[in-house]
Amino acid sequence: MPEYESNPPCWSWLPLPRGEAAEPVARRWLGERLDCPPEQLSLRRDDYGRPHLEGGFSRWDCNWSHSGEGLLIALGLDVRLGIDLEWVRPRPRAMELARRFFTAAETGALASLPTAQRESGFLRLWCAKESVLKAHGRGLAFGLDKFEFEISDTGIHLVNCDAALGDRAQWSVLELVPQPGYVGTMAWRPK
Ligand SMILES: CC(C)(COP(=O)(O)OP(=O)(O)OC[C@H]1O[C@@H](n2cnc3c(N)ncnc32)[C@H](O)[C@@H]1OP(=O)(O)O)[C@@H](O)C(=O)NCCC(=O)NCCS
């Protein structure tokens, strides 16, 4: 793939029937973009389960997420990236989960929204947080409260983060509408 096409990282939504493994589908998509036969692509999982491209593609980073009947996948050059996909469905425990996992300011912002907007606000925050966590690579155990977002009608902004995530200003966070009925977020920072 030409380098100019990878900044910002490129992403795609692909259908993934429930119960089907994601990696073979991801591998085919990555192989097409990197012009490499999928079976020759060196994809290693680290101790936290995060996939990494190796061999001649170690400057590239990829990540994928599956939810409902979809797969959201991204590929970028000289970045560390994470992506999250969520199938939109009722989230009656949204505020309970926010109080348990989000920062006090994020939970307060959700609580101040009209009731009808709280679940979608929760989902936007959840996606954004998971995408940053997936870029970082340590999983949910790192702590969803170690960094903070502000959401508005115009976008979502990382306003604070733990030193382990590096310089806050280096992070880009992009909200996606990959397919009707799904929301997604991609987060990346220079490697
Ligand atoms: C990583 C994690 C946040 C993913 O959340 P999720 O909503 O369940 O899953 P998603 O659909 O968004 O993403 C799944 C994909 O993320 C990738 N992934 C797995 N672990 C990852 C990690 N630590 N960081 C980034 N990406 C990861 C994989 O490609 C996985 O796809 P797969 O099903 O083909 O393996 C969550 O599973 C987690 O916290 N895992 C714990 C990681 C850990 O501590 N592992 C140690 C023992 S193995």
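Values quoted throughout were computed directly from the atomic coordinates according to the rules given, and no laboratory measurement underlies them. Because the structure is predicted, anything quoted here is derived from the model rather than measured. Neighbour counts run over all protein chains shown; Cβ positions are idealised from the backbone, glycine included.
Taking the dipole about the Cα centre of segment 94-191, with the C-beta of Lys and Arg at +1 and of Asp and Glu at -1, give me whichever of 141, 113, 154 is farthest to the positive side.
So the residue we want is 141.
Along the charge dipole of the chain, which of 95, 125, 187 sits closest to the positive end, that is, farthest toward it, with unit charges on the beta carbon of Lys, Arg, Asp and Glu (+1, +1, -1, -1)?
The listed residue farthest towards the positive side: 95.
Grab the beta carbon distance between residue 35 and residue 111, set R0 = 35 Å, and tell me the FRET efficiency rounded to 0.05.
The calculated FRET efficiency here is 0.10.
About its Cα centre, what dipole magnitude does segment 3-83 give when the only charges are +1 on Lys and Arg Cβ and -1 on Asp and Glu Cβ, stated in debye to the nearest 20?
Here the size comes out at about 160 debye.
Could you tell me what a quarter of the Cα convex hull surface of the chain works out to, in nm² with one decimal place?
10.9
Taking the chain as a Gaussian network, Cα atoms linked when under 10 Å apart, which of 23, 148, 119 shows the biggest mean-square fluctuation?
Looking only at 23, 148, 119, the biggest GNM fluctuation is shown by 23.
Run through all the Cα pairs of segment 25-88 and give the fraction in each 5 Å bin from 0, expressed as whole percent.
Going out from 0 Å in 5 Å bins, segment 25-88 shows 4, 17, 28, 26, 16, 6, 2, 0 percent.
What fraction of the Cα pairs in segment 86-190, stated in percent, has a spacing above 22 angstrom?
25
Where the only charges are on Cβ atoms (+1 Lys, Arg; -1 Asp, Glu), what is the dipole of segment 71-181 about its Cα centre, to the nearest 20 debye?
Charge dipole, segment 71-181, about its Cα centre: 340 debye, nearest 20.
Compute the angle between helix 23-34 and the longest alpha-carbon principal axis of the chain, please, reported from 0 to 90 degrees and rounded to the nearest 10.
60
Roughly how many debye, to the nearest 20, is the charge dipole of the chain about its Cα centre, given +1 on each Lys and Arg Cβ, -1 on each Asp and Glu Cβ, and no other charges?
Taking the Cα centre of the chain as origin, the dipole is about 420 debye.
³J(HN,Hα) across segment 38-46 via Karplus (A = 6.51, B = -1.76, C = 1.60, θ = phi - 60°), whole Hz, x for Gly/Pro?
Here the 3J(HN,Hα) series is x, 6, 9, 6, 8, 10, 10, 8, 7 Hz.
Would you kindly state how much longer the chain becomes between residue 164 and residue 13 on full extension, computed as 0.36 nm times their sequence separation minus their alpha carbon distance, in nm to one decimal?
In short, 51.4 nm is gained.
Given a 10 angstrom Cα cut-off, can you work out which residue in 121, 19, 76 is the most mobile in a GNM of the chain?
Top of the fluctuation ranking is 19.
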